[in-house]
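Data block below; observations after.
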Amino acid sequence: MQHIEKRVVELIEEKIADRDDLFIVSVKMHPNKILEILLDGDNGINIDDCAQVSRHVGFHLEEENVIDNAYRLEVSSPGIDANFVNIRQYQKNIGRTIQVKLIDNTKIEGTLVTLDDMKINVLQKIKEKGKKAQEVEKELPFDQIKATKVVISF
């Protein structure tokens, strides 16, 4: 399984080499023979990008006979409600409201303002009874983060 995923990553990187705005979120060969590729872009990703990657990967997997039995190839974006899995997703969402679940199960909601390799900074509105809401910047180290996703508001 891992050699399949490794080869797929190589094929995707080959296909998107000229597109600095696109990046791989994950590649997973599921036990039910679904090969799932999740891609994203700094400005989102469109169906044509997914289709081009799908054709490229599918063609080479067949040509090289990498997978010896039937499988289904699915290429898509992770979806707005999916948890972040890499730093590029954080970078792409600076300025948006996110919800962060820490390893102690505390949930923090606020605007993602900055990040580096070790942490993110979130601007959180704190409202105390009888007082005006205050904005407080909170530093959250990656090693304390269990899950992060964009808060969808309507």
**Q.** Of all residues making up segment 56-77, the number that are under 30 Å from Tyr90 (Cβ atoms) and either assigned to a helix (DSSP H, G or I) or in contact with a Phe, Trp or Tyr (Cβ under 8 Å, 6 or more places away or on another chain) (or both)
**A.** 2
Q. Residue check: is Val25 part of a strand (DSSP E or B) and touching a residue at least 12 places away in the same chain (Cβ under 8 Å)?
A. yes
Q: Have a look at Ala70, Ala82 and point out the one that is of a type in the set (A, V, I, L, M, F, W, C) and in contact (Cβ under 8 Å) with a residue 60 or more places away in the chain.
A: Ala82
Q: State whether the residues of segment 125-140 include one that is loosely packed, with under 10 Cβ neighbours inside 10 Å, within 21 Å of the chain's Cα centre (by Cα) and without any contact (Cβ under 8 Å) to a residue 12 or more places away in the chain.
A: no
Q) Are any of the residues in segment 34-45 open to solvent by less than 40 Å² (accessible area, probe 1.4 Å), closer than 14 Å to Lys92 by Cβ, of a type in the set (Gly, Ala, Ser) and not in a loop (DSSP other than H, G, I, E, B)? A) yes
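The values are calculated or read from the model by the stated rules, or taken from the named source; none is laboratory data. Fair warning: this is a prediction, and the values are worked out from it, not measured in the lab. For neighbour counting, all protein chains shown are included, and Cβ atoms are generated from backbone atoms with ideal geometry for every residue, glycine included. Ligands, DNA and RNA are excluded from the accessible area calculation, which covers all protein heavy atoms including side chains. Shrake-Rupley method; radii C 1.70, N 1.55, O 1.52, S 1.80 Å.
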